[in-house]
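K.L.:
Take this structure first; my questions come after.
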Amino acid sequence: MSLGFAVDRIDDVRLDGPEDLLAKNLMSPFAWRVAGDAGLMLLVRAVPPNKGDDDESGRIWYGRSGSDGLTFRMDAAPIICPGSGGHDAKGCEDPTVVQTDDGYVVFYTGVDTDGKGHLLYATGADMHSLEKRGIGLPNSKSEQNSKEATLLRAEDRWQLLYEYSHDGHSLISLTDGEGPSGPWHEQPDPFGPREGRWDGWHLSTGPLLRSDPARPVMFYNGATENAHWGIGWVALSPDLRTVVARSDEPLIAAPPDPSGPRDISFAASVVDTEGTIWLYYSRNDRELKRATIRQLD
């Protein structure tokens, strides 16, 4: 099957908001469009610079853009913050938004006081009425962290792709469920690392491009053992269980010198508007970027 993608341009994503937000490192930009609204919505994780082991790992902020999708006006305060205890006492990370008939479900990674990650979720009629609901997916498969949720929802069926850790690797798993808290039914991993390639050691979930329901495409994150992360793509079957096509090289690559400074590009969300594909990602865990991507077939 002939399929390919190319990056036409990369732009900086700019935030306008309080100093408490702008002074922090920014990552995990989840952007989405609401029907009938020319602008885009955004959730983003903000982390204290020079974070120490005892510092929280993030808070989640909300904002809106105009039609350009590049400049976002952010709220005066975060909308999801660490709790006084429990599964997100040390941080709230990696937001993913699902729109429902009742409003929104927001999956996020909570970090507990032991540094372990948990897939949690909150619900609300809008972003300003979110209530935490607890664990969305138990850490049954992961040795330490379940994180980076990507969801596909069709009527009463939910499919959840997520990152988990095993034997020193980050890997991607798939599970089917009946709602945001399950019950979930684990499936075989949809794809794995490729030895000797740019994605030969670590994999992490990225967003799904769903413009062709017969061939959803994930812009996923991959790395070698030195953890220089790049972004590639994989086309999957409609049930997300079979690889149809996969990029030989990353769309957005780590530097060619593996001994140089560590470099991380991490895809977080994709917006497709009448064939214009915008991929939102973070670079080096502190800068927000948007790649405009062209489909080649």
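The values are calculated or read from the model by the stated rules, or taken from the named source; none is laboratory data. Please read all numbers here as calculations on a predicted model, not as lab measurements. Ideal geometry is used to build each Cβ from the backbone, glycine not excepted, and the neighbour counts take in all protein chains shown. Note: accessible area is taken over every heavy atom of the protein model, side chains too, but ligands, DNA and RNA are not part of it. Shrake-Rupley method; radii C 1.70, N 1.55, O 1.52, S 1.80 Å.
K.L.:
Using r as the Cβ-Cβ distance of D167 and N226, and R0 as 22 Å, what FRET efficiency do you calculate, to the nearest 0.05?
P.N.:
Result of the calculation: an efficiency of 0.80.
K.L.:
In addition: With +1 assigned to the C-beta of every Lys and Arg and -1 to the C-beta of every Asp and Glu, and no other charges, what is the dipole magnitude of the chain about the Cα centre in debye, to the nearest 20?
P.N.:
Roughly 340 debye, rounded to the nearest 20.
K.L.:
Now for a separate question. Would you mind calculating the gained length between V244 and R294 on full extension (0.36 nm times residue separation, minus the Cα-Cα distance), in nm to one decimal?
P.N.:
Between V244 and R294, full extension yields 16.1 nm more.
K.L.:
Within 10 Å, count the other beta carbons around each residue, average over each peptide in 82-88, 268-274, and list them highest first.
P.N.:
Going by the mean number of other Cβ atoms within 10 Å, highest first, we get 268-274, 82-88.
K.L.:
At 0.36 nm per residue, minus the direct Cα-Cα distance, what do S129 and R194 gain on full extension? Give it in nm, one decimal, please.
P.N.:
Gain in length upon complete extension: 19.1 nm.
K.L.:
Let me ask something else. Around A77, under 14 Å between beta carbons, what's the net of Lys plus Arg minus Asp minus Glu among the other residues?
P.N.:
In short, 0.
K.L.:
Accessible area of the chain with a 1.4 Å probe: how many percent of it is carbon plus sulfur?
P.N.:
Roughly 46 percent, rounded to a whole number.
K.L.:
Let me ask something additional. Quickly work out the R73-to-A38 label distance, labels modelled 7 Å from Cα along the C-beta direction, and quote it in nm with one decimal.
P.N.:
1.4
K.L.:
Express in Å², to the nearest 10, the accessible area of R283 obtained by rolling a 1.4 Å probe over the protein heavy atoms while all chains stay in place.
P.N.:
80
K.L.:
Follow-up question, since we're still on this one. Provide the packing ranking of 160-173, 2-15, i.e. peptides ordered by the mean count of other C-beta atoms within 10 Å per residue, highest first.
P.N.:
Ranked by mean Cβ neighbours within 10 Å, highest first: 160-173, 2-15.
K.L.:
Where Lys and Arg each count +1 and Asp and Glu each count -1, what net charge lies around A122 among other residues with Cβ under 14 Å from its Cβ?
P.N.:
Computed value for this residue: -3.
K.L.:
Next up: Of the lysine pairs in the chain, how many meet both conditions: Cα atoms under 14 Å apart, and a spacing of 8 or more in sequence or different chains?
P.N.:
Going through the chain pair by pair, I get 5.
K.L.:
Using helices alone, I'd like the mean residue ellipticity at 222 nm for the chain: each DSSP H run of four-plus residues gives -39500 (n - 2.57), total over residue count, nearest 500.
P.N.:
It comes out at 0 deg cm²/dmol, rounded to the nearest 500.
K.L.:
Write down the accessible area per residue of the range 4-76 in Å², having rolled a 1.4 Å probe over the full set of protein chains.
P.N.:
46
K.L.:
Please give, to one decimal in nm, the separation of the simple spin-label points placed at K116 and D101, each 7 Å out from Cα toward the Cβ.
P.N.:
3.7
K.L.:
Tell me, how many Å apart are the Cα centres for the range 51-118 and for the range 159-196?
P.N.:
Centre-to-centre (Cα) distance: 21 Å.
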